[in-house]
Each structure stands twice: as structure tokens, then as C-alpha cells.
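Visitor: Attaching a single structure in C-alpha cells format; questions to follow.
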Amino acid sequence: MMKILIVGKGGREHALAWKGKQSAQVSEVYVAPGNVGMKDVAHLVNINETASDELANWAEANQIDLVIIGPESSLVAGVADQMQARGIKVWGPTQAAAQIEGSKDFAKVIMNRYGVPTAAHQTFTQVDEALSYLEKVGVPIVIKADGLAAGKGVVLPQTMDEAKACVVDMLEDNRFGDAGARIVIEEFLEGNEYSLMCFVHGNKVVPMMMAQDHKRAYDNDEGPNTGGMGAYAPCFTAESEETAIAVKTIMQPVADGLVKEGMPFTGFLYGGLILTKEGFKTIEFNARFGDPEAEVILPLLESDLVDVILTMLSDNPVPSVAWQSGYCVGVVLASEGYPEQPETGYPLKTVAVDESINMIFNAGVAEKAGQLVSNGGRILVATGLGETFDEAKAHAYALMKAIETEGTFYRTDIGHRFKG
Ligand code: AMP
Ligand code: GLY
């Protein structure tokens, strides 16, 4: 039997730990640092998710058989590199390969070099050059901080005044610190947005079902961009023609490209895709599972997650991955003030779940005097499963109504673009 370590502390890691725990091969699941809301499935290890040396020391000392890395911060800190250096099996890309997420400019270079459809764009460090480019291309437009800004470094100005103010804000007034010292200005793509996650190891690419996230804070896609306020799956199943096309035109060429560049990718590769009139185009890659996408995709995964990962890492041919029928809808309970200034410390209710229809994945939670309290912008994800989308949604919202409490808010329209 195996001992696995999940690195991270959010709802995604709770979902990975929950699914990992179900594996026929796994006896113990550890999460570093995790959160108290994961104790149902995992042992918490008090090491920060970016402390790569300490994590590798601990994994070595505790004879961990497989490490699964959740967040981008761990990847950029070189946790996978450290594990590899010690000969510990790890699912998650090296620092070099994780640049596909960590640097939007790097991602664009790879996409252009390997013919992957994406928005037309240009990179700037100088305010005057950026402003004159804006004059040339006009609005609507998309302005992105080049580095990691926790999903918040993207602005979609509708007027030229807004666009110019944003450029000045990022390049001159350092709104995103170093992450915004370089910006990418790109074409605004029109169409529905989908998240496609694949299991990737070198040239091996195995797609999951596509999910749809909801990035804006409030109903009707209003308010500021967030890390994600809710998601549902599948939009397109793993076996669909749409998914096959996206793999062929986007995910496989990028995986192959990273191999050619001498930085092969291992882990969950996430394509943020927009289905335009000309087909799928990429707006970004992430080097990890999406959050909250993980919380709606993993409950539908029928195969043993650890089996799939081990087969990917082996010399064996790619595994066939089985999915449950039906849908999963996940709604994020957020702290009032999220994403700018989340107010935390509110007591949370304990609500019973029935895993055949609903689940709770905990993210920003802590324990205070024996009571679970909110402790982050995104507190938890309430998920519902159902044979139909409507049933899954009803299960998710029934659960959320039982959970919601003072100091929190959530979107009431998750899945509003669902087409059936
Ligand atoms: P990102 O952090 O790159 O995922 O961007 C955050 C959000 O901004 C995305 O989820 C999209 O909804 C939106 N977005 C980013 N790039 C574009 C684009 N080129 N065209 C239209 N919308 C975009
Ligand atoms: N939900 C989007 C992300 O994980 O980046």
C-alpha cells in the first residue's frame, strides 16, 4: 500500500486528497499544509506549500510513494524539482515547465512556435510604447500582468480611457508589483470559455471532461475577476469530438513543444480555451488542476486517480480513463469583500452531506476554540451531483442554502451558460 502527499491547502487539494484516499493502492494521505477542513480524509503536515527543501526532506523521511502538487506557487518554488532530485515520484511540472503558467510571455512564445491558436498579442515594459499600441488596436482589449497574480492580474477595459489608466497603473504605479513590470496586451476573444485539463507526461496527453468556471465575483458575470466562483462539468465529455479537437490543436502541440524545448511537462496541464467562430483559441495555460474545476471534475472521475497517475508516469501506454455519467455543479462560498479585502473569522455551520448527491470541499477554513471559522477569500465549495445538470445544480444550491452564513456570499447563477 502507498503513502501519498498532496501539496497545497485549498479546495482543489481537498478534492485531490478525497479522491486519492479512495484509491485501492493508497493507505495514507498526507496534505502539506492542508487545512483543518480536510481532516476527514488526510493527515495534515505543518509545512508550507512553497518550502521545497523541507517538503522533500519530510517526504523522504516518511517514505512517501507519490507526491501530487496542487498550486502554482509550489511549482514555481521548485517543489517538483526537489522531489525529482531526491528520486521521489512526483506529479507536477518542474520550474522550467511551469513557466507555461508562470510567464504569460513564455506561454505565448511556445504557442506561436508550435502553431497553437491564441489571441493576437504583444508584450510591453515601457508605458509610452504600450499606450501607442493601444491607440493602434483600440478597445475592447485585454491587459495582463506577465507574472503570477493569483488570477487577478487580468483587466478587460471597454473604453480607451480605462485601458490607458490600466497600463499606467501596472507599468508605472506597480499595482501588481513585479508581476506587472511586464504586461501583455491581447486581442479580446469572443465566445464561451472552457477549462480543459489533461493528464500529461512528456508526449503523453490524456484529456479529462471540459468544465466551465465563473471568474467574476457576482451574478451575471459582474464585478471583479476572481480565482473562480463556481464551475460545472461536463461541458464537453472527455470522449467528445470537441475535446479531441482541442487536444489535437492545442494540448498535444504544447506538450510536444515543451519536450522539444527540453522542458517536458508532467502533471495536470490546464488550457483556458475560448470557443470562437474559428474554433478553440487559447487564452492561457495553467500548470496545475483548476480550482474550482477540480472540485467538479474529480467527483465524476470513475477511474482510480492514483492508478491513472502512476500509469502516466510509467513506460506503459496511456491509461484509459473512465468517467461517471451525469453532472457536477460546484458553488464557491466566499468571504464578504473577496477578492479585494475578504473579511474572515466568521463561524461556519456543520452540515451533513451524502456523497452520492453532494459534497463539501474546504478551502479557506480554520479552527477557533473547536469551531470551524472562515479564514480566506474562498471558504469552501459546495458541490452537487445529478444525472441531469438541473438535478446537480439543485443539489449544490440546496447544500449551499444550508451552509451560507454571516460574512459570506456566493453566486446564484453557476452554470447559466449550460446548453444541454
Ligand atoms: P486569465 O487569468 O488569463 O485566465 O484571464 C482571466 C479571465 O479574463 C479569463 O478567464 C477570461 O474570462 C478573460 N480573458 C482573458 N483573456 C481574454 C481574451 N483574450 N479575450 C477575452 N477574454 C479574456
Ligand atoms: N479556476 C481557474 C484557475 O484555477 O485558474
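Visitor: Give the lysines reachable from K144 as a straight Cα distance under 22 Å; neighbours fewer than 8 places away on the same chain don't count.
Guide: Qualifying lysines at Cα under 22 Å: K104, K108, K136, K152, K164, K215, K281.
Visitor: Given axes a ≥ b ≥ c from the Cα gyration tensor, I'd like to know whether the range 80-119 is rounded (a/c under 1.5), prolate (a/b larger than b/c) or oblate.
Guide: Judged from the Cα gyration tensor, the range 80-119 comes out prolate (a/c at least 1.5, a/b above b/c).
Visitor: Compute log10 of I(q)/I(0) for the range 99-154 with the Debye formula, placing one identical point scatterer on every Cα and leaving out solvent, at q = 0.14, 0.22, 0.30 Å⁻¹, to two decimals.
Guide: Debye output, listed in q order: -0.43, -1.00, -1.25.
Visitor: Something else now. List the trypsin sites (Lys or Arg not before Pro) in the range 347-416 that DSSP assigns to loop (not H, G, I, E or B) and whose Cβ has at most 10 other Cβ atoms within 10 Å. Which are they?
Guide: Values: sites: K349, K368, R378, K393, K401, R411; in loops: K349, R411.
Listed in order of number, the matching sites are K349.
Visitor: Would you mind computing the Rg to Rh ratio of the range 31-158 from its alpha-carbon coordinates, Kirkwood style for Rh?
Guide: We get a ratio of 1.11 for the range 31-158.
Visitor: Within straight cross-link reach of K368, meaning Cα distance under 27 Å, which lysines are found once same-chain residues fewer than 8 apart are removed?
Guide: K9, K21, K39, K349, K401
Visitor: With a ≥ b ≥ c the root eigenvalues of the C-alpha gyration tensor of the range 306-363, is it rounded (a/c under 1.5), prolate (a/b larger than b/c) or oblate?
Guide: It comes out prolate by the Cα gyration axes.
Visitor: Per the Kirkwood treatment, what hydrodynamic radius in Å, one decimal, follows for the range 278-320 from the mean inverse distance over all distinct Cα pairs? Spell out each step's value before the answer.
Guide: Details: mean 1/r = 0.0781 Å⁻¹.
Kirkwood hydrodynamic radius for the range 278-320: 12.8 Å.
Visitor: With an 8 Å cut-off on Cα pairs and a minimum separation of 6 or more residues, tell me the relative contact order of the range 274-371 in percent.
Guide: 19 percent
Visitor: Also: What residues qualify as long-range amide H neighbours of A119, i.e. H under 5 Å apart, gap of 5 or more or another chain, H built at 1.01 Å from N?
Guide: Residues meeting the amide H criterion: T282.
Visitor: Under 10 Å, Cα contacts only: if you run a Gaussian network model on the chain, which one of A17, A231, A165 comes out with the highest mean-square fluctuation?
Guide: Taking springs between Cα atoms under 10 Å, the residue moving most is A165.
Visitor: Moving on. Take every Cα-Cα distance within the chain, group them into 10 Å bins from 0 onward, and report for each bin the whole-number percent of pairs it holds.
Guide: 5, 23, 33, 28, 10, 1, 0
Visitor: Taking the number of other C-beta atoms within 10 Å as the exposure measure, put V168, V76, V184 in order starting with the fewest.
Guide: Going from least to most buried by this count: V168, V76, V184.
Visitor: In a Debye calculation with equal point scatterers on the alpha-carbon sites of the range 169-318 and no solvent, what is log10 I(q)/I(0) at q = 0.09, 0.13, 0.19 Å⁻¹?
Guide: -0.32, -0.67, -1.25
Visitor: Please report, in whole Å, how far the alpha carbons of the range 116-226 spread along each principal axis, starting with the longest.
Guide: Rounded to whole Å, the extents work out to 44, 36, 26 Å.
Visitor: Between rounded, prolate and oblate, where does the range 226-275 land on the alpha carbon gyration tensor, with a ≥ b ≥ c its root eigenvalues, rounded for a/c under 1.5, else prolate if a/b exceeds b/c?
Guide: oblate
Visitor: Find the relative contact order for the chain and round it to a whole percent, using C-alpha pairs within less than 8 Å whose residues are 6+ positions apart.
Guide: 16 percent
Visitor: Which one, W91, W18, W58, has the greatest fluctuation when you compute a Gaussian network model over the chain with C-alpha springs under 10 angstrom?
Guide: Of W91, W18, W58, the Gaussian network model singles out W58 as fluctuating most.
Visitor: Explain nothing, just compute: Karplus ³J(HN,Hα) = 6.51 cos²θ - 1.76 cosθ + 1.60, θ = phi - 60°, for every residue of the range 237-244 in order, whole Hz, x for Gly and Pro.
Guide: 6, 4, 8, 6, 5, 4, 5, 4
Visitor: Could you work out how far the C-alpha centroid of the range 271-295 sits from that of the range 99-176, in angstrom?
Guide: The two parts, judged by their Cα centres, are 18 Å apart.
Visitor: If you don't mind, there's one more thing I want to ask. By DSSP, what percent of the beta bridges with both residues in the chain are antiparallel, rounded to the nearest 5?
Guide: DSSP beta bridges in the chain are roughly 80 percent antiparallel.
Visitor: Follow-up question, since we're still on this one. Which whole-angstrom value gives the distance between the alpha carbon centres of the range 237-270 and the range 377-416?
Guide: Each part reduced to its Cα centre gives a spacing of 31 Å.
Visitor: On each of the three principal axes of the Cα atoms of the range 272-389, give max minus min coordinate, whole Å, ordered largest first.
Guide: For the range 272-389, the Cα extents along the three principal axes come out at 51, 35, 33 Å.
Visitor: When the helix-only estimate is applied to the chain (DSSP H runs of n ≥ 4, each -39,500 (n - 2.57), divided by the residue count), what is the mean residue ellipticity at 222 nm, nearest 500 deg cm²/dmol?
Guide: -8000 deg cm²/dmol
Rule-based calculations on the coordinates, nothing more; no lab input. Quick caveat: nothing in here was measured; it's all calculated off a predicted structure. We place every Cβ from the backbone using ideal geometry, glycine too, and count neighbours over all the protein chains shown.
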